[in-house]
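The values are calculated or read from the model by the stated rules, or taken from the named source; none is laboratory data. Keep in mind the model is a prediction, meaning the values are calculated, not measured. Positions of Cβ are generated from backbone atoms using ideal geometry, with glycine treated the same way; all protein chains shown enter the neighbour counts.
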Amino acid sequence: ELLEKNIASYRGQNPKFPELSFVEVEEILSPEEFFDLVLNHDGICTKPPELLHDAYYHLIPLFINLFRDPENYRPYKNSLKKICLSLKEQLDLAKISPQEMVDSLNKIDNKLKLTLEVCIKIVPILLWSISAIIDNLTSESEVDFKTGKDLANVILTRHQSLLGSANWQKAASNDLQMDLEEIQLLLDPSSPIVSRLLEALYKKADLI
């Protein structure tokens, strides 16, 4: 409340500064809860001691970026939300009809050669990874507030890099309760399937 009050006071003197929404939560959120809240609010404040993490890794970077470019923040945030929801929609469809998703992605990229077995195994990881991407983006203090396809291409590149990261693979294993070795095999950086699959997925969602 104090933070929002101070922001409102600052906006009174600086009308170009955007209105912001913050939400307070009691404990560390699941990836699904984080996804929903972070796209519908500008900041999440967890009760101490986790608040120290939120402040250092998310709130401070947020305000650094806001003071640098206040006018372009809201279009960026709206575009980020649209991109993430579009990706989630495609992956939710893949959970319901995995064979249709396999056929669609292989048609978009005939070198992908995605199998039904791999699709079923990798979709939960990709769903999880959308929240991971948001977490990663909101921790940066030098974000270029792009929108539309420009932003989608930035996210795609980050997405490919994140899925190939050993640290993020370990996080996925912990959050999803999946065997780490299986995740490492699915997301092997030496295999073109992850980069090709993601690019085809973004194209199917009409993001790039």
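Numbers for the structure displayed
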item: All positions within segment 3-60 that are assigned to a helix (DSSP H, G or I), more than 19 Å from the chain's Cα centre (by Cα) and either farther than 22 Å from Tyr73 by Cα or in contact (Cβ under 8 Å) with a residue 24 or more places away in the chain (or both); result: Leu3, Glu50, Leu51, Leu52
item: Residues satisfying the stated conditions in segment 138-151, i.e. crowded, with 19+ Cβ neighbours inside 10 Å and either of a type in the set (Lys, Arg) or closer than 21 Å to Glu32 by Cα (or both); result: Thr138
item: Which listed residue, of Lys95, Lys113, is of a type in the set (D, E, K, R) and under 23 Å from Asp179 (Cα atoms); result: Lys95
item: Residue that is farthest from Asp135 (Cα to Cα) [pool: residues in segment 8-49 that are at pLDDT 90 or above and aliphatic (A, V, I, L, M)]; result: Leu20
item: Selection count where residues are touching a helix residue (DSSP H, G or I) at 6+ places or on another chain (Cβ under 8 Å) and surrounded by fewer than 18 Cβ atoms within 10 Å (Cβ to Cβ), scope segment 77-87; result: 2
item: Some residue of segment 98-115 being assigned to a helix (DSSP H, G or I), closer than 23 Å to Tyr57 by Cβ, of a type outside the set (Phe, Trp, Tyr) and in contact (Cβ under 8 Å) with a residue 12 or more places away in the chain; result: no
item: Test result for Val123, under 15 Å from the mean Cα position of the chain (by Cα), free of Cβ contacts under 8 Å to residues at least 40 places away in the same chain and surrounded by 17 or more Cβ atoms within 10 Å (Cβ to Cβ); result: yes
item: Selected residue [among the aliphatic types (A, V, I, L, M), assigned to a helix (DSSP H, G or I) and touching a Ser or Thr at 6+ places or on another chain (Cβ under 7 Å)] from Ile64, Ile125, Ile83; result: Ile64
item: 3 or more residues polar (S, T, N, Q): qualifying helices (runs of 4 or more DSSP H) within segment 139-208; result: 148-163, 166-176
